[in-house]
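The values are calculated or read from the model by the stated rules, or taken from the named source; none is laboratory data. Not measured: the values here are computed from a predicted model. FYI the Cβ positions are ideal-geometry reconstructions off the backbone, even for glycines, and counts take in every protein chain you see.
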Amino acid sequence: MFVDLTLSISQDDPVIGKASKDPGSYMSQGHIGTHLDVNFGHTMPPKEYCLRRGWVVDVSDKVNAEIDECVLKDVDWSEGDFIMFHTGQTGKFTYGSKDYFKDHPQLNWDSIRSIASRKPSFIGLDFPGLRRGPEHNIADSICAEHGVYVIENLANLDRLLAESGANAFEVVTGWTGFQGATGLSCRVTALIR
């Protein structure tokens with residue numbers, strides 16, 4: 001069974017119009033919908049990253065508190081895996097709205113450093129970033145130091161969680177090759193056998 005985890009954005013979406021009007025914005029640099037960040041010292045991910053073992057963790061009860069690494073204590077993940085955090089943000093709020101971006105869930109600093117040091121290939125989020133505001137870039141930079149990529153704004157993690165439970169699955173990820181962009185649009189699909 002395939003589960004598409006990509007948050008698609010229509011060409012008519014106001015977010016696209018906003019990005020077009022401000023060529024210096026993050027959105028105009030590819031930070032729209034499901035994407036991975038390649039700024040802060042990252043290059044494009046290695047081609048082998050297109051196929052990874054994945055895990056999804058339900059942290060929907062932590063949305064008003066910072067997410068701590070203890071949520072991964074029962075997950076048997078290894079270096080190179082794709083770790084996803086389900087908060088329900090993409091299902092609760094319209095993408096691009098103030099409610100979606102304001103006060104979104106975030107991981108605490110110790111968790112970011114600890115997870116990055118264990119070197120998953122990807123950290124996947126159904127929200128806009130590991131941290132809010134200017135701390136977003138610092139968190140991405142910590143991940144980049146360890147060769148870890150963050151994929152933001154995943155969709156359908158609730159469905160993936162219902163289908164996979166606590167079991168691992170395969171993840172197929174494709175990204176665009178726009179040279180010079182700091183956000184690369186992604187297609188992310190889980191395969192549950």
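Mind listing whichever residues of region 166-189 are in contact with a helix residue (DSSP H, G or I) (Cβ under 9 Å, 6 or more places away or on another chain) and more than 17 Å from Tyr149 (Cβ to Cβ)?
Phe169, Gly180, listed by residue number.
Filter the helices (runs of 4 or more DSSP H) completely within region 55-157 down to those with at least 2 residues that are more than 30 Å from Arg193 (Cβ to Cβ).
Values: elements: 89-92, 98-101, 109-117, 135-145.
Output list reads 98-101, 109-117, 135-145.
Which of the numbered conditions does Glu135 fail, given that it passes all the others? Conditions: (1) surrounded by 19 or more Cβ atoms within 10 Å (Cβ to Cβ); (2) over 12 Å from the mean Cα position of the chain (by Cα); (3) among the acidic types (Asp, Glu).
Of (1) surrounded by 19 or more Cβ atoms within 10 Å (Cβ to Cβ); (2) over 12 Å from the mean Cα position of the chain (by Cα); (3) among the acidic types (Asp, Glu), only one is false for Glu135: (1).
Give Phe127, Phe169, Phe85 a once-over and let me know the one that is surrounded by 14 or more Cβ atoms within 10 Å (Cβ to Cβ) and more than 20 Å from Asp68 (Cβ to Cβ).
Details: Phe127 fails: more than 20 Å from Asp68 (Cβ to Cβ); Phe85 fails: more than 20 Å from Asp68 (Cβ to Cβ).
None of the other options fit; the residue is Phe169.
Against the conditions (1) free of Cβ contacts under 8 Å to residues at least 12 places away in the same chain; (2) crowded, with 18+ Cβ neighbours inside 10 Å; (3) under 22 Å from Asp61 (Cβ atoms), where does Ala162 fall short? Just the number, please.
(2)
Here's the yes/no breakdown for (1) modelled with pLDDT under 95; (2) touching a strand residue (DSSP E or B) at 6+ places or on another chain (Cβ under 7 Å); (3) within 15 Å of Asn39 (Cα to Cα):
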{"site": "Thr94", "(1), (2), (3)": "yes, no, no"}
{"site": "Asp99", "(1), (2), (3)": "yes, no, no"}
{"site": "Ile115", "(1), (2), (3)": "no, yes, no"}
{"site": "His136", "(1), (2), (3)": "yes, no, yes"}
{"site": "Gly165", "(1), (2), (3)": "yes, no, no"}
{"site": "Gln179", "(1), (2), (3)": "yes, no, yes"}
{"site": "Val188", "(1), (2), (3)": "no, yes, no"}
